[in-house]
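Undergrad: The structure that follows is given in the form of C-alpha cells.
Rule-based calculations on the coordinates, nothing more; no lab input. For clarity, every value in this text was computed on a predicted model and none was experimentally measured. Here the Cβ is made from the backbone with ideal geometry for all residues, glycine too, and neighbour counts use every protein chain on show.
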Amino acid sequence: MIEVAAGLIFHDGRLLIAQRRLNDHLGGMWEFPGGKRELGETYQQCLMRELFEELGVHVEVGRRLAVADHPYPERRIHIEFFQCRLVANQPQPIRCANLAWVRADELQAYSFPPADAQLLDQLRQNPEFWKP
C-alpha cells in the first residue's frame with residue numbers, strides 16, 4: 001500500500017492540476033499535486049513537503065476533502081486529498097511535466113488516473129468547492 005497526500009489548490013475559481021512526467025507511473029496523466037508519505041510524516045506534513053519539492057510553493061493545508069483507495073495492477077494506492085491555500089511563491093513545474101489552472105467545466109478535457117474519479121465527480125457537481 002502506497003500512502004499519498006494530494007492538494008487541491010483553488011485560486012480565483014480555478015483549480016491547480018499537474019501533469020505527470022512521461023517516465024513516471026501513469027505518465028502523461030493529470031493529477032492533483034502531491035506525493036508519497038514518508039515514514040513518520042502526517043499527511044499534512046507530507047503535502048507541505050511534496051508541494052514545495054514539486055512546485056516550489058508553500059501552502060497552508062486545510063481540511064481533508066476526500067479519501068480514495070484504488071488498486072492498480074502493480075500497486076495499491078491510498079490517497080488523502082486536502083484543500084490547500086497558497087502562502088508563498090507561484091507554482092512552477094519543477095518535478096512535473098506541466099501545470100494548468102482549470103475551471104470545473106474544463107476538468108473533462110484532462111485525463112486523470114482512475115483513483116481520482118470519485119473526487120472529480122464531486123468537484124464537477126459541487127460548486128461550493130470552487131468558492132473562496
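Undergrad: For segment 72-116, give me each residue that is closer than 19 Å to Ala5 by Cβ and out of contact with any strand residue (DSSP E or B) (no Cβ under 8 Å at 6 or more places or on another chain).
TA: Answer for segment 72-116, where residues must be closer than 19 Å to Ala5 by Cβ and out of contact with any strand residue (DSSP E or B) (no Cβ under 8 Å at 6 or more places or on another chain): Tyr72, Ile94, Arg95.
Undergrad: Scan segment 1-20 residue by residue and report those that are outside any strand (DSSP E or B) and surrounded by 14 or more Cβ atoms within 10 Å (Cβ to Cβ).
TA: Listed by number, the list holds a single entry, Arg20.
Undergrad: Sticking with this structure for a sec: Has segment 26-48 got at least one residue that is in a strand (DSSP E or B), surrounded by fewer than 13 Cβ atoms within 10 Å (Cβ to Cβ) and within 12 Å of the chain's Cα centre (by Cα)? Before the answer, list the steps.
TA: Step one: filter segment 26-48 for residues in a strand (DSSP E or B), giving 30-31, 34-36.
This time we only want the ones that are surrounded by fewer than 13 Cβ atoms within 10 Å (Cβ to Cβ), so: 36.
Subset that is within 12 Å of the chain's Cα centre (by Cα): 36.
Among the residues of segment 26-48, at least one is in a strand (DSSP E or B), surrounded by fewer than 13 Cβ atoms within 10 Å (Cβ to Cβ) and within 12 Å of the chain's Cα centre (by Cα), which makes the answer yes.
Undergrad: Mind listing whichever residues of segment 43-64 are closer than 18 Å to Ile77 by Cβ and free of Cβ contacts under 8 Å to residues at least 40 places away in the same chain?
TA: Arg64
Undergrad: Can you pull out the residues in segment 123-132 that are touching a strand residue (DSSP E or B) at 6+ places or on another chain (Cβ under 8 Å) and either aliphatic (A, V, I, L, M) or surrounded by 13 or more Cβ atoms within 10 Å (Cβ to Cβ) (or both)? Step through it out loud before you land on a result.
TA: Narrowing segment 123-132 to residues touching a strand residue (DSSP E or B) at 6+ places or on another chain (Cβ under 8 Å): 123, 129-130, 132.
Matches in segment 123-132: Leu123, Phe129, Trp130.
Undergrad: Which one of these is closer than 21 Å to Ala88 by Cα and not β-branched (Val, Ile, Thr): Glu54, Glu31, Glu3?
TA: Exactly one of Glu54, Glu31, Glu3 is closer than 21 Å to Ala88 by Cα and not β-branched (Val, Ile, Thr), namely Glu54.
Undergrad: Which of the residues spanning segment 53-86 are closer than 14 Å to Phe10 by Cβ and either in contact with a helix residue (DSSP H, G or I) (Cβ under 7 Å, 6 or more places away or on another chain) or not polar (S, T, N, Q) (or both)? Working first, answer last.
TA: From segment 53-86, those closer than 14 Å to Phe10 by Cβ are 57, 59-63, 65, 81-86; that's our starting set.
Within segment 53-86, Val57, Val59, Glu60, Val61, Gly62, Arg63, Leu65, Phe81, Phe82, Cys84, Arg85, Leu86 qualify.
Undergrad: Condition first: free of Cβ contacts under 8 Å to residues at least 60 places away in the same chain and either of a type in the set (Phe, Trp, Tyr) or within 14 Å of Asp116 (Cβ to Cβ) (or both). Now tell me which residues in segment 72-84 satisfy that. Reasoning before the result, please.
TA: Of the residues in segment 72-84, the ones free of Cβ contacts under 8 Å to residues at least 60 places away in the same chain are 72-74.
Tyr72, the sole residue that qualifies.
Undergrad: Look at Val61 and say whether it is closer than 18 Å to Leu119 by Cα and loosely packed, with under 13 Cβ neighbours inside 10 Å.
TA: no
Undergrad: Shifting gears a bit: Within the set of pairs 6+ apart or on separate chains, which have a first residue in segment 99-117 that is free of Cβ contacts under 8 Å to residues at least 12 places away in the same chain, a second that is part of a strand (DSSP E or B) and surrounded by 13 or more Cβ atoms within 10 Å (Cβ to Cβ), and C-beta atoms under 7 Å apart?
TA: none
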